[in-house]
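Take a look at the structure below.
The values are calculated or read from the model by the stated rules, or taken from the named source; none is laboratory data. Bear in mind the structure is a predicted one, so any value in this text is a computation, not a measurement. Every residue, glycine as well, gets a Cβ built from its backbone with ideal geometry; the counts of neighbours run over all protein chains shown.
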């Protein structure tokens, strides 16, 4: 196994004097452009929880976001609004927002993600009032944020810059199951230096990012300096494996002129199989600006598993991967790891649409007005016609006419589906037809 390491013996760094903290509005909380409902999903849903824009606002503000929560399930835990915008530049000193509670007694919490991907949480007390009030969350050591450490993750002080993860309502046993809490005007106070405003990206050259030795892992790095200050510092690249071993693979001095954009192709000679995090950083003085990416290293497998009867498989939810390269790569990685099968789940209603009638069962054949007919139990079922070149012809091959007769034991017009619907997949290599009654 080879490791690349470039040592820098001496490096002159610019001295950037700290200015007063910068105060700015991160988001006015009047639209959903950078927000979405979040929380503990049960059966893949948030219940009847909604996040909507509202005209209700504190004095001098133009609107707010209304979180209507659904705690009808007692172990829901928490529901909130998730920030989908960018990081907060610099060393954040405080977050401030306005909140209008519902006197429910539920709690309030904030979560953030630091520069190395660790999550932190802070509880802010109960929502006892019904008037607009200002809430400020500090980031000094005495503010006692709790790190939500993952398995085998080391606890460490928060690393800046941070990204807001969510503002949430936490469930209090015995409190109201439903209610609405409003949030407005999210402001930030942060100590920002020119280095904090650098725009960094590090991207694997392959999608999905899976590499095969002896070819090295290849990355594209892009650094943009939007400020009017020339920045001197160190460009470094660190790789961390699945087990937490961290190593430096690149370190070199750089000068990024004001307004300059720098692009570099980077290679990481990695031969060990596994999943990796890579961190690209620019450091100047005590400040560092970093971005992360992930890649994997695998090995082409031409031989089948040593034990074709192995009972061991994997649960990787293949159906959750989008059809295309991502799903193909997931299946390929399973094969390269010697996995013989993958567990999947089914909605039982697909298998038994009507009690006692299973999807794989043949429908009953009866006499029809002309020839034979098929008889279905009440309910919606899919009837598959054997492969036929005429039915499978693409739509561009010409018109296709299907005559269908259906006899209903009764016609209930109150049902949402009471008509026959033929659904054609436009542009698909074959046609699919569905009948609902």
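If you take the residues in segment 214-255 that are touching a strand residue (DSSP E or B) at 6+ places or on another chain (Cβ under 7 Å) and outside any strand (DSSP E or B), which one is farthest from residue 297 (Cα to Cα)? So, considering only residues that are touching a strand residue (DSSP E or B) at 6+ places or on another chain (Cβ under 7 Å) and outside any strand (DSSP E or B), the one farthest from residue 297 (Cα to Cα) is 230. Elements of the type strands (runs of 3 or more DSSP E) sitting completely within segment 15-70 and holding at least 1 residues that are modelled with pLDDT under 95 and out of contact with any helix residue (DSSP H, G or I) (no Cβ under 6 Å at 6 or more places or on another chain): these cover 22-27. Take the conditions over 13 Å from residue 162 (Cβ atoms), out of contact with any helix residue (DSSP H, G or I) (no Cβ under 7 Å at 6 or more places or on another chain), touching a residue at least 12 places away in the same chain (Cβ under 8 Å) and surrounded by fewer than 17 Cβ atoms within 10 Å (Cβ to Cβ) and apply them to residue 94. Does it pass? In short, no.
Can you confirm whether residue 324 is within 17 Å of residue 206 (Cα to Cα), out of contact with any strand residue (DSSP E or B) (no Cβ under 9 Å at 6 or more places or on another chain) and without any contact (Cβ under 8 Å) to a residue 40 or more places away in the chain? When the stated conditions are applied, residue 324 passes them. Only a single item in (1) modelled with pLDDT under 95; (2) under 21 Å from residue 86 (Cα atoms); (3) surrounded by 14 or more Cβ atoms within 10 Å (Cβ to Cβ) is not met by residue 203, and it is number (1).
Per the conditions (1) at positive phi; (2) touching a residue at least 40 places away in the same chain (Cβ under 8 Å); (3) buried (at least 16 other Cβ atoms within 10 Å of the Cβ), the sole criterion not satisfied by residue 47 is (2). Filtering segment 110-147 to residues that are assigned to a loop (DSSP other than H, G, I, E, B), more than 26 Å from residue 182 (Cβ to Cβ) and within 26 Å of the chain's Cα centre (by Cα) leaves 114, 115, 116, 117, 118. Scanning segment 305-350 for residues that are at pLDDT below 80, exposed (fewer than 12 other Cβ atoms within 10 Å of the Cβ) and over 24 Å from residue 210 (Cα atoms) yields 307, 308, 309, 311, 345, 346, 347, 349, 350.
Applying a threshold of 6 Å to beta carbon distances and a minimum spacing of six or more residues, or different chains, the list of pairs starting in segment 217-236 at a residue that is crowded, with 21+ Cβ neighbours inside 10 Å and ending at one that is part of a loop (DSSP other than H, G, I, E, B) and modelled with pLDDT of 95 or more reads 225/260; 231/225.
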